[in-house]
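Working notes, structure below.
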Amino acid sequence: MPNIHASIDIGSNTFRLLIARPSTDAKATQPWETVDYAHRITRLGQGLHGSGMLSEAGIERAIHALKEFKRLIDHHKILPQHIHAVATAAVREAENGSCFTELAQKETGIEISIISGEEEASRSLLGAASVLHDKTRRDMLLFDIGGGSTEFIRARDNNITDAISCKLGVVRLVEAHLHSDPPSENDYQAMKESVHNHLAEVSSFWKCTSTTVPEIMVGTAGTVTTLAAVQMNLTPYDPQKVNNHRMESDDFYQLRDQLLAMTHEQRETIPAIEAGRADLIIAGLAIIETMMEEWHYNGLITVDAGLLEGNWINSYAIE
C-alpha cells in the first residue's frame, strides 16, 4: 500500500514496529493514523557492556522478533522501500553489529540502518514534539533512556539547540550495579553515582554553548512511560494518556520508595510493568532522580512518542 509506511526501532532492549498512514483528521493529536503496532523485549544488548559483542542468544531473540514484524508488514502489503528500520546503541557499538544487520536482512529481508547518536536524538525530538503541548516545546530538555544509551536533547520551539548521546543505559546500569533483591541502598547509590558521572559529561558539553538548563524536563521511551503507567495504574496501556502526563517530584519519590522496597518478583506482579522491565525500572529511577537532583527539576513530563514515530515522520520527508 503506497501510503502506508513501516517504522522499526531496533533498540538495545526493545524492538518496536509502527505501521501507519498520515492522519487526515484535522483534530487529531498526532500526525499519523496507526494501522498496526507491535513491540518485543529482546535484550539484544545484554552482556555487551562486558564483551563488546552482541550475544548469540540476543541475536536469536532479535531475529525472531524481526520475523514476527515482517509477517505483519507483509500482511499489510507494505512496499519494501516503505520499510524504515533503524538500529541504535547496541548495534552501533557492538563489534559484530554489522554482522547482525547483514544476518537480519538475509533472514527477514529487512534492511537496517545503523544511525548515529545525533541522528537518534534528532528523530526522537521529531517524534516527541509532534504530540507535546506548545508550552512544553517552548524550552525543554528531552531525554530518551535506552538499554545502552541515553540521549539528552535541548530544544526550543521544535528546534534542537544541541544534543549529546551518552553510554548511559538501563541494561548497562543493571548489569553493572544491581546485585541485591530487593535493591540494596549500596546498589542504588552505585547506580546514581554512575549516572552522576554521565550527567557531568552532559553539563560540561552544555557549557560549551550555554549554561542554561531548559525549563521543562521531558522523558520518553519504555522506562519512563512505564513509570507513568505505574503511577496512573494504567492498564491497559494508553499512549494518549501518557503523552503530556506530568509527574510531580513528590509523586516520583513516593513511587521510587514503593518500587525499591519490592522484590523483583513483586514488581513483576504490577500490571503496568510488562515482562522484562521489572529490573530495568530500578535503573530508570536512578537516572531520573539524579537528573532531578542535579538540574533542580521538580517534575517530569512524559511522552510515549519518540524515535519510532520520528523515524516514521522522517520516512516521508526523505521520499
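Annotation: of all residues in the stretch 37-66 being over 17 Å from ASP9 (Cβ atoms) and touching a Gly at 6+ places or on another chain (Cβ under 9 Å), the one that is surrounded by the fewest Cβ atoms within 10 Å (Cβ to Cβ) is ALA57. Among the numbered criteria (1) of a type in the set (A, V, I, L, M, F, W, C); (2) buried (at least 20 other Cβ atoms within 10 Å of the Cβ); (3) more than 30 Å from ILE216 (Cα to Cα), which one does CYS99 miss? Here CYS99 clears every test but (2).
Only a single criterion out of (1) touching an Asp or Glu at 6+ places or on another chain (Cβ under 8 Å); (2) closer than 25 Å to GLY299 by Cβ is not satisfied by LEU173, namely (1).
Every residue, every condition in (1) in contact (Cβ under 8 Å) with a residue 12 or more places away in the chain; (2) farther than 22 Å from LEU199 by Cα; (3) aliphatic (A, V, I, L, M), yes or no:
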position: ILE216; (1), (2), (3): yes, no, yes
position: GLN231; (1), (2), (3): yes, yes, no
position: GLU248; (1), (2), (3): yes, no, no
position: ILE288; (1), (2), (3): yes, no, yes
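Here GLY109 fits the description: more than 30 Å from TYR237 (Cα to Cα) and in contact with a Pro (Cβ under 9 Å, 6 or more places away or on another chain). Does the stretch 131-156 hold any residues that are modelled with pLDDT of 90 or more, part of a loop (DSSP other than H, G, I, E, B) and either of a type in the set (Asp, Glu) or under 19 Å from the mean Cα position of the chain (by Cα) (or both), and which are they? Of everything in the stretch 131-156, those that are modelled with pLDDT of 90 or more, part of a loop (DSSP other than H, G, I, E, B) and either of a type in the set (Asp, Glu) or under 19 Å from the mean Cα position of the chain (by Cα) (or both) turn out to be VAL131, LEU132, ASP139. Summed over the stretch 51-73, residues that are free of Cβ contacts under 8 Å to residues at least 40 places away in the same chain and under 17 Å from GLY146 (Cβ atoms) total 2.
Could you tell me whether the stretch 255-277 includes any residue that is of a type in the set (Gly, Ala, Ser) and buried (at least 22 other Cβ atoms within 10 Å of the Cβ)? No, that holds for no residue.
The conditions of being touching a residue at least 24 places away in the same chain (Cβ under 8 Å) and either outside any helix (DSSP H, G or I) or more than 22 Å from the chain's Cα centre (by Cα) (or both) are met by LEU44. Looking only at residues of the stretch 74-125 that are assigned to a helix (DSSP H, G or I), out of contact with any Ser or Thr (no Cβ under 7 Å at 6 or more places or on another chain) and of a type in the set (A, V, I, L, M), we find that the one that is nearest to GLY147 (Cα to Cα) is LEU125. Of all residues in the stretch 100-116, those that are modelled with pLDDT of 95 or more have Cβ atoms under 9 Å from Cβ atoms of residues that are of a type in the set (Asp, Glu) and outside any helix (DSSP H, G or I), 6 or more apart or on another chain, in THR101/GLU111; ALA104/GLU111; GLN105/GLU111. When each of LEU168, LEU199 is tested for being within 21 Å of the chain's Cα centre (by Cα) and in a loop (DSSP other than H, G, I, E, B), the lone residue that passes is LEU168. Kindly indicate the residue of the stretch 74-98 that is in contact (Cβ under 8 Å) with a residue 40 or more places away in the chain and over 22 Å from the mean Cα position of the chain (by Cα) and also nearest to LEU307 (Cα to Cα) among those meeting that condition. Result: HIS82.
The values are calculated or read from the model by the stated rules, or taken from the named source; none is laboratory data. Please read these numbers as outputs of a predicted model, since none were measured by experiment. Glycine gets a Cβ as well: all are built from the backbone with ideal geometry, and neighbour counts include every protein chain shown.
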